[in-house]
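What follows is a set of notes on a single structure, which appears directly below.
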Amino acid sequence: MNAGFVLTKLLRCAATLFLALTFVFVVLRLSGDPVERMLPDDTPPEVQERYREMWGLDRSLPEQFVGYLRSVVTGDLGFSFRDGREATEVVMERVPATLTLASLALALMLGVGIPAGIFAALNKDTWLDRVTMGATVLGYSVPNFFLGILLIMLFSMTLRWLPSSGSGSWQHLVMPVVTYGTAYAGTVARFTRSSMLEVLGQPFMRTAWAKGVRWRARVLGHALPNAAIPLVTVMGIRIGAMIGGATVIETVFGYPGVGSLLVNSVAQRDLAVVQVIVLLIAFTMVIVNLCVDLAYTLLDPRVAALEARGGAK
Amino acid sequence: MTMVATAAPRMARLRGALFGRWSKTPLAVGLCLAWLGLIAFVAIFADVIAPYGFAEQSLLDRLKPPVFLGGTWDHVLGTDGLGRDVLSRLFFAIQTSLVIALVGTLIGAVVGTLIGFVAAHFRGLVDDIVMVFVDFQASVPFFIVALAILAFFGNSFELFLAIVGLYGWETYARLTRGLVLSANAKGYAGAIRTLGVHPARIYVRHVLPNILSILVVQVTLNFPEIILLETSLSFLGLGVQPPDTSLGLTLGAGRNYLATAWWIGIPAGCAIFLTTLSISILGDWIRDLLDPSHATEENAAAHP
């Protein structure tokens, strides 16, 4: 990995982050007077005036933008009008719950999806392949809110095994994690299968076979690392869809994470909280994309060499 | 010309597979086509075939079960909490959801493709600016952007349709840009250009037909996602607003009656599931027909 490549990536991240900040600023200002929208209707005019001053709305747009950037950096992003606490605080206390859910779901989807994809690729064009791939189509076609409702009907209402909503114990996590994992395990399995097939047809696999490398070592040592490169990229692209999906799943199961907070805040138009969440997600996405970019330069040194020559765009 | 040699046999193969050799069409694909046909029929003729109006209430007939659970033939799929006929509501919900998904797909595909052509034609600064926005759109989850816009501007049907229409524009733009750049470098485009043909005419008459099959594949990938976007937002109560109805909204409203009257929401959920499933299976099959080596292409696209 060379410095120029990393620098390019960092610059791109900074550009994306800046665009995200600008997007929030522009949309918020375009949609009208934010103070009027963020405060309840019965707020006395002098309080509104003070808020306008605090937000710097009496100044020119460029000045406002600079002030806005400053407040983002210092983390001073206004107050939730529902309980009057700082918006950042309201959001941050929800983060651990979402991270727990997301990491368990990620483990499930990789733990199921990658073996399923390898299995299907090794049994290509047999009925085993078709059944596995059929299951993945079912997995990614079923809307996650519908799957969640079906699970609630079966396990909470009929069998009474699991609680239908809330959090606090491992039982509360089972259904959200399964719903979340199912939706994306299908995608992972399909991409694992197609990239494994690609690699299995390469000459170096035949060489390894001819050298007498054992089957296990061929699949896990030679094929999988090469197949992992496109898989990592696809995961990076899919993370965005997963974050969107998390908001729906958290809402279905009444799970107190960032996603359900976002949906509630949008419904009640608690704009300060929405703004913090959107910025948090944009920031997360930029970091994730950076990690993905760096991950495949580690997996495949050719990528860094290509980018350093300016060959990839 | 190259386009005749590449595009025509593919389309002929597709046409042959669709109409010529029913015996060779897999059963699953036939079922998917039948389901999509049924859905399209219901969407077009909802006003005619629905036994009741979509807002017609009958407070004496609230929460009646469907006919197979001891209900009457008056309300085949039962009634909801306001005594509205579930089957009729389902028909109108299918109509709304399908119209939104079709219009949304069309807007996204046309706008995205156009932007891709513009970027590939002008290159340079225009191209760079377009690509920065494409990167931005691709790196921030669209669902979150949609939620933010709905939060800041409030909900209206036109705005909602515009948001759904925006979905996926960056994929089309990126795809078209790449395809046009490579088409421009090929002999046939250069040959026509030396004849003095206007660029717009080259793009519409010669380049577009060549890249159309790849764009069609993208539409089959995009369409189920748009249905899921609309139904998810409506399910959360942030999309289509009552008294209008959509599949997601119906399922969301039925959530409150899961224990007592599950038939309000579940049919709508099944309709969404079967539709996205059918399009996915059909899309897979069309992709295999158009390009048997699409597994390779998926990898190439995923590689930076």
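Quick notes on this one:
- Neighbours of A:Met285 by Cβ distance under 12 Å: Lys/Arg scored +1, Asp/Glu scored -1, total 0.
- Residue (of B:Leu236, B:Ala183, A:Gly166) at the positive-pole extreme of the protein assembly as shown, dipole from beta-carbon charges: B:Ala183
- Sorted by Cβ neighbour density within 10 Å, fewest at the top, the residues A:Lys9, B:Lys186, A:Lys211, B:Lys64: A:Lys211, B:Lys186, A:Lys9, B:Lys64
- Order of A:Met242, B:Met131 - criterion: other Cβ atoms within 10 Å of each residue's Cβ, fewest first: B:Met131, A:Met242
- Mean-square fluctuations from a GNM of chain B, with a 10 angstrom spring cutoff on Cα atoms, peak among B:Leu87, B:Leu102, B:Leu60 at B:Leu60.
- Residues A:Thr98, A:Thr207 arranged by fewest to most Cβ contacts within 10 Å: A:Thr207, A:Thr98
- Look at the stretch B:133-139: the mean tally of other chain Cβ atoms within 10 Å of its residues' Cβ atoms is 6.
- For chain A, the residue among A:Phe5, A:Asn144, A:Phe81 whose Cα projects farthest onto the positive side of the dipole built from Cβ charges is A:Phe5.
- Tilt relative to chain A, helix A:258-268 - C-alpha long axis, 0 to 90 degrees, to 10: 40
- Each Lys and Arg Cβ is given +1 and each Asp and Glu Cβ -1; about its Cα centre, the protein assembly as shown then shows a dipole of about 2680 debye.
- Relative contact order [Cα under 8 Å, 6+ residues apart], the range A:95-256, whole percent: 34
- Residue among B:Leu106, B:Leu274, B:Leu27 with the largest mean-square fluctuation in a Gaussian network model of chain B, springs linking Cα atoms under 10 Å: B:Leu27
- Note, ³J(HN,Hα) from phi for the range B:225-232, Karplus 6.51, -1.76, 1.60, rounded to Hz, x at Gly and Pro: 5, 5, 4, 5, 4, 5, 5, 4
- Remark: chain B carries a charge dipole of roughly 980 debye about the Cα centre, counting +1 on each Lys and Arg Cβ and -1 on each Asp and Glu Cβ.
- With Cα atoms, 0 to 90° folded angle of helix A:45-55 axis to chain A main axis: 50
- Distance distribution P(r), the protein assembly as shown, all Cα-Cα pairs, bin width 10 angstrom from 0: 3, 14, 24, 27, 20, 10, 3, 0, 0 percent.
- Over chain B, relative contact order from alpha-carbon pairs under 8 Å, at least 6 apart, %: 23
- Environment charge of B:Ser58, counting only residues whose C-beta is closer than 12 Å and scoring Lys/Arg +1, Asp/Glu -1: -2
- Computed about the Cα centre, the dipole magnitude for chain A is approximately 1900 debye when only Lys and Arg (+1) and Asp and Glu (-1) carry charge, each at its Cβ.
- Long-range amide H partners of B:Lys64 with built H, under 5 Å: B:Thr79
- Between the Cα long axis of helix A:271-299 and the first principal axis of chain A there is an angle of about 30°, rounded to the nearest 10.
- Farthest positive-ward along the range A:95-256 dipole, Cα basis, beta-carbon charges - from A:Gly244, A:Ala107, A:Val95: A:Ala107
- Taking every residue in B:237-250 and counting other chain Cβ atoms within 10 Å of its Cβ, the average works out to 1.
- Modelled spin labels at B:Arg193 and B:Leu33, positioned 7 Å past Cα toward Cβ, are 4.1 nm from each other.
- Net charge over other residues, Cβ less than 14 angstrom from the Cβ of B:Val240 (K, R count +1; D, E count -1): -2
Rule-based calculations on the coordinates, nothing more; no lab input. From a predicted model like this one, the values you see are computed outputs, not experimental measurements. In this analysis, Cβ positions are derived from the backbone assuming ideal geometry, glycine residues included, and neighbour counts consider all displayed protein chains.
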